[in-house]
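This report concerns only the one structure given below.
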């Protein structure tokens, strides 16, 4: 199983594909200096494989690389950051 994550800036989503098919996404709202990570959705056929965490890791790494902060209103991303404190420095309160 091969997968890829890309930032679809036209749809404000990080798109996860598995074997060439869309398997999930993490939607966001861009602001000046920050990005609100608002919702994660994984297809039922791919649930329980850790893909939501991979999406969160990719999005937060991208946000860091772009010198931005993260607002987090998605419970899945909040949980991910709690388990991966190396990303806590990116988080700002709304």
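Bear in mind that the values in this text are calculations on the coordinates, not laboratory data. If you're wondering where the values come from, they're calculated on a predicted model, not measured in any experiment. Don't worry about glycine lacking a Cβ; one is built from the backbone with ideal geometry, like all the others, and counts go over all protein chains shown.
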Percent RCO, i.e. relative contact order, over the stretch 3-90, from Cα pairs under 8 Å lying at least 6 residues apart: 23
Volume per residue that the Cα convex hull of the stretch 1-45 spans, once the total is divided by residue count, Å³: 68
Acute angle (nearest 10 degrees) that the helix 51-65 long axis makes with the longest principal axis of the chain, alpha-carbon atoms: 40
Most to least packed among 32-45, 80-93 [average Cβ atoms within 10 Å]: 32-45, 80-93
Long-range Cα-Cα pairs in the stretch 3-90 (distance over 15 Å), rounded percent: 53
